[in-house]
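Novice: Mind looking over this structure? Questions follow.
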Amino acid sequence: MHYFDYKGSTLHAEGISIAELADDVGTPFYCYSNKTLTRHYTVFSEAFTGTDTLICYAIKANSNLAVVKTLADLGAGMDVVSEGELRRALAAKVNPKKIVFAGVGKTHDEMAYALKHGISSFNVESEPELFALNEVAQSLNVTARVALRINPDVDPKTHEKISTGKAENKFGIPFEAARDLYHRANNLNRLDVNGIHMHIGSQITDLSPFQDAFLLMRSLTLMLREDGFNITHLDLGGGLGVPYEDNREDPPHPNEYAQIVKNTVGDLDCQLMFEPGRLIAANSGILVAKVIYVKRGANKTFTIVDAAMNDLIRPTLYSAYHEILPVDKRLSETPHSITDVVGPICETGDYLAQNRLLPSFKSGNLIAVMTAGAYGAVQSDTYNSRLLVPEVMVADSAYSIIRPRQTYDDLLALDNLAQWQKN
Ligand code: LLP
């Protein structure tokens, strides 16, 4: 469910015409719908009404300050995985007591920065990290609140590159080793180890892996309580999938997910934390691009557009499907043909869609790459010395450029000649 729809023959983001926006800001650009972001956050949080929950939006999905601020203003906490993300959360005035810090490789400096700002808790992923955190907390004379991230060895049935809860993945502590490690952590006097964390993967469209993981969390909670631990919070991670392809995918509604949560860990009298990223941001954004050329190859047609794999890497990195719509709906009534939608980058992997049945585009036509609000702009780069594209947020009939297009001066200013070189 999102607020990108045709009005007349033109695709709109809420009350704003994408064609007019393209005239104003140029292409390519990302466009986000504030109302969609708000709706997704609200649907997720309402699924847990009456339960003690903290929803920490996974900033990595879309870390634009305006996006973070929109969610923070709705009461969201944040899940961060680096000092940079933490700084973004703080810049958007997120209450530090609502911030959790995850990731397998937090540095001493990052831990110190987070402790100085009094974040809610750390999700710790290994024994050496526990020792490091204890040391840093000691040096600052504070106590760190900790949940251990457990690797449940559950197959989330998603793309291998975004699966995190299997034994062969680098994440978390093996379930079998967990109990012992809680005991050892208990001897570290600057840590308050009172939580359990799990995150088994992303774009999960089947509830059974969640159920399996949450049941393991339940049994660990009971085991640790028997051992005298005061387990007060369970962080169930993110991962709930979204429909990228309307008629082929049907991910569970947050209410169904909430039912699984309640059935498995709902009676444990713990605060429940969640880290949804994609679910909040994916459908809230599109990437708008313009057709440069249509080229007939020996076997197929290539629709060459001005956005490329550096702007949206998901199709080539995860074989991800993103629906492509013409901004002018009248094109939908033209004859369709099979085409690859590709960018200008000098790589065969530079495509946004392959073998897709699409209208017969011409130079100058605008396309919208749908469901690009999560893991889109945040994973973009300047490969082939292409400029980072602008991000625009729409709310009703207003829009705001929430990240301007990079300029060539910005791009070149990132480098220096070596000190012995002259220009
Ligand atoms: N919590 C942790 C510890 C995570 O590692 C992640 C995502 C999330 C929460 C949020 O998961 P979500 O609710 O968004 O599924 N770049 C990939 C996705 C990578 C996800 C990484 N971790 C993609 O474009 O599909």
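The values are calculated or read from the model by the stated rules, or taken from the named source; none is laboratory data. All values reported here derive from a predicted model rather than from experimental measurement. In this analysis, Cβ positions are derived from the backbone assuming ideal geometry, glycine residues included, and neighbour counts consider all displayed protein chains. Note: accessible area is taken over every heavy atom of the protein model, side chains too, but ligands, DNA and RNA are not part of it. Shrake-Rupley method; radii C 1.70, N 1.55, O 1.52, S 1.80 Å.
Novice: Using modelled amide H (1.01 Å from N, peptide plane; none on Pro or chain starts), what sits under 5 Å from the amide H of Arg403, excluding residues fewer than 5 places away?
Specialist: Answer set, sorted by chain and number: Glu391.
Novice: Report, in debye and to the nearest 20, how large the dipole of the chain comes out about its Cα centre when Lys and Arg carry +1 and Asp and Glu carry -1 on their Cβ.
Specialist: Values: 39 positive and 51 negative charges, 137 e Å.
It works out to roughly 660 debye.
Novice: Using protein chains only and a probe of 1.4 angstrom, how many square angstrom of His199 are accessible, to the nearest 10?
Specialist: Taking all protein chains as shown, His199 has close to 40 Å².
Novice: Considering only Cα-Cα distances, which of the following residue pairs are longer than 19 Å: Lys295/Lys329; Lys60/Lys93; Lys106/Lys157; Lys300/Lys362; Lys35/Lys157; Lys69/Lys97?
Specialist: Violating the 19 Å Cα-Cα cut-off are Lys295/Lys329; Lys106/Lys157; Lys35/Lys157.
Novice: Could you put Asp269, Asp396 in order of accessible surface area, largest first, with the 1.4 Å probe and the full protein assembly present?
Specialist: Solvent-accessible surface, decreasing: Asp269, Asp396.
Novice: A further question on this structure: In debye, nearest 20: dipole of region 264-416 around its Cα centre with unit charges on the Cβ of K, R (+) and D, E (-)?
Specialist: 840 debye
Novice: Ignoring trypsin sites (Lys or Arg not before Pro) that are buried or in helix or strand per DSSP, and keeping those with at most 11 other beta carbon atoms within 10 Å, what is the longest stretch of the chain between them?
Specialist: Answer from the scan: 249-421.
Novice: Under a 1.4 angstrom probe, counting protein chains only, how are Glu110, Glu275 ranked by accessible area, largest first?
Specialist: My answer, sorted largest first, is Glu110, Glu275.
Novice: How much FRET efficiency would the formula 1/(1 + (r/R0)^6) give for Glu323 and Lys300, where r is the Cβ-Cβ distance and R0 is 30 Å, rounded to 0.05?
Specialist: 0.95
Novice: On a C-alpha basis, how far is the centre of region 110-182 from the centre of region 277-328 in Å? Whole number, if you could?
Specialist: Using only Cα atoms, the two centres lie 36 Å from each other.
Novice: Please work out the average accessible area per residue across region 53-94, using the 1.4 Å probe convention, and give it in Å².
Specialist: On a per-residue basis, region 53-94 sits at 30 Å².
Novice: Related question: Find which of Ala19, Gly239, Gln421 sits farthest along the positive direction of the dipole of the chain, computed with +1 on the beta-carbon of Lys and Arg, -1 on that of Asp and Glu, about the Cα centre.
Specialist: Positive-most Cα among the choices belongs to Gln421.
Novice: Helix 207-226 versus the longest principal axis of the chain: what is the Cα-based angle in degrees, 0 to 90, to the nearest 10?
Specialist: Value to nearest ten degrees: 20.
Novice: Then there is this: For region 117-250, what is the accessible area per residue in Å², given a 1.4 Å probe and the full set of protein chains? Intermediate values should be presented prior to the final figure.
Specialist: Values: 5680 Å² over 134 residues.
Per-residue value: 42 Å².
Novice: While we're on this one: What percentage of all Cα-Cα pairs in the chain are separated by more than 42 Å?
Specialist: On the way: 16983 of 89253 pairs.
Everything past 42 Å amounts to 19 percent.
Novice: Further question on the same structure: Calculate, in nm to one decimal, what Arg330 and Asn187 gain on full extension: separation in residues at 0.36 nm each, minus their alpha carbon distance.
Specialist: Result: 44.7 nm gained on full extension.
Novice: Rule-of-thumb check for region 376-423: C-alpha Rg over 2.2 N^0.38 Å?
Specialist: 1.62
Novice: Mind checking which of Asn355, Val369, Ala395 is farthest towards the positive end of region 301-423's charge dipole, using Cβ charges of +1 (Lys, Arg) and -1 (Asp, Glu) about the Cα centre?
Specialist: Selected residue: Asn355.
Novice: Placing +1 at every Lys and Arg Cβ and -1 at every Asp and Glu Cβ, with all other atoms neutral, what dipole size does region 1-129 have around its Cα centre, in debye to the nearest 20? List each step's numbers first, then the result.
Specialist: Values: 12 positive and 16 negative charges, 65 e Å.
Magnitude of the dipole: close to 320 debye.
Novice: Round to the nearest 10 and report in Å² the accessible area of Phe229, as given by a 1.4 Å probe over the protein chains' heavy atoms.
Specialist: The accessible area comes out at roughly 20 Å².
Novice: Follow-up. Output the 0 to 90 degree angle, nearest 10, between the alpha-carbon long axis of helix 34-46 and the longest principal axis computed from the alpha carbons of the chain.
Specialist: 30 degrees
Novice: Gap in Å between the Cα centre of region 373-423 and the Cα centre of region 197-263?
Specialist: 36 Å
Novice: Probe radius 1.4 Å, ligands and nucleic acids ignored: give me the carbon and sulfur share of the accessible area of the chain as a rounded percent.
Specialist: Roughly 48 percent, rounded to a whole number.
Novice: While we're on this one: With every protein chain present, what accessible area does Cys56 have (1.4 Å probe, heavy atoms only), rounded to the nearest 10 Å²?
Specialist: Probe radius 1.4 Å; accessible area of Cys56 about 0 Å².
Novice: Can you compute the modelled spin-label distance between His108 and Leu417, with each label point 7 Å from Cα toward Cβ, in nm?
Specialist: 3.9 nm
Novice: Computed from the mean reciprocal separation of all distinct C-alpha pairs, what Kirkwood hydrodynamic radius does region 1-49 have, in Å?
Specialist: Final number for the Kirkwood radius of region 1-49 is 12.1 Å.
Novice: Let me ask something else. How much space per residue, in cubic angstrom, does the convex hull of the C-alpha atoms of region 265-330 take up?
Specialist: Output value, Cα hull per residue: 171 Å³.
Novice: Return the equivalent ellipsoid semi-axes of region 181-309 as a descending list in whole Å, where each equals the square root of 5 times an eigenvalue of the C-alpha gyration tensor.
Specialist: For region 181-309, the ellipsoid semi-axes come out as 44, 17, 12 Å.
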